[in-house]
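I have placed the structure first, in the form of structure tokens, so that the comments after it can refer back to it.
The values are calculated or read from the model by the stated rules, or taken from the named source; none is laboratory data. Note that the structure is predicted; figures quoted are calculated from it, not measured. Every residue, glycine among them, receives a Cβ derived from its backbone with ideal geometry; neighbour counts consider all protein chains shown. Just so you know, the surface numbers come from the protein's heavy atoms only, side chains and all, with ligands and any DNA or RNA stripped out. Shrake-Rupley method; radii C 1.70, N 1.55, O 1.52, S 1.80 Å.
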Amino acid sequence: DFHQRVYAIVRQIPEGRVCSYGTVAKLLHHPRHSRMVGQALKLLPRAYASPHLPLPPQPEGAEDDPNAVLPAPPPNPEWVPWHRVVSSSGVISPRGNVGAVRRQGEYLEAEGVEV
């Protein structure tokens, strides 16, 4: 499946680095399919979009203690770091969802990438 192959390539992009849609397409041996790479990332299943799995439900009464330390969320082994894929000019590709553009910039900045 094309989408699964895109996700496998994107998972290999190291933290703090970016890759273009076109480069991902070339790595898939489909150099003219950069828009399909973008579409695959746009349709990324929710289960793959977060680096952490949801926290399990809190035990009864745990929410009553405001000083209680919450456990760290477990890592998501299926995570696809979609935010590391940018346009060929190295900028975040504009899209209809302004919130996603802002979030992508925040994620990249948190990894030390200049946006």
Length-normalised contact order of region 48-104 in % [C-alpha pairs under 8 Å, at least 6 apart]: 38
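Stretch SER89-HIS30 to full length: gain in nm at 0.36 nm per residue minus the Cα-Cα span? Provide the component values of the computation, followed by the final result.
Details: separation 59, 0.36 × 59 = 21.24 nm, distance 1.94 nm.
19.3 nm is the gain from fully extending SER89 to HIS30.
Remind me, relative contact order of the chain in percent, using alpha carbon pairs under 8 angstrom and six or more residues apart?
Details: 127 pairs, mean separation 35.3, N = 115.
Result for the chain is 31 percent.
In square angstrom, what is the accessible area per residue of the chain with a 1.4 angstrom probe? All intermediate terms of the calculation are to be shown ahead of the outcome.
Numbers: 7930 Å² over 115 residues.
Roughly 69 Å² per residue, with all protein chains present.
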Label point 7 Å beyond Cα of LEU44 along Cβ direction - residues of region 74-96 with amide nitrogen under 14 Å: 76-87, 92-93
Local electrostatic count at GLY22 - Lys and Arg +1, Asp and Glu -1, tallied over other residues with Cβ under 13 Å: +3
Of (i) 73, 29, 24; (ii) 56, 31, 26; (iii) 48, 31, 24, the label for Cα extents along the principal axes in Å derived from the coordinates: (ii)
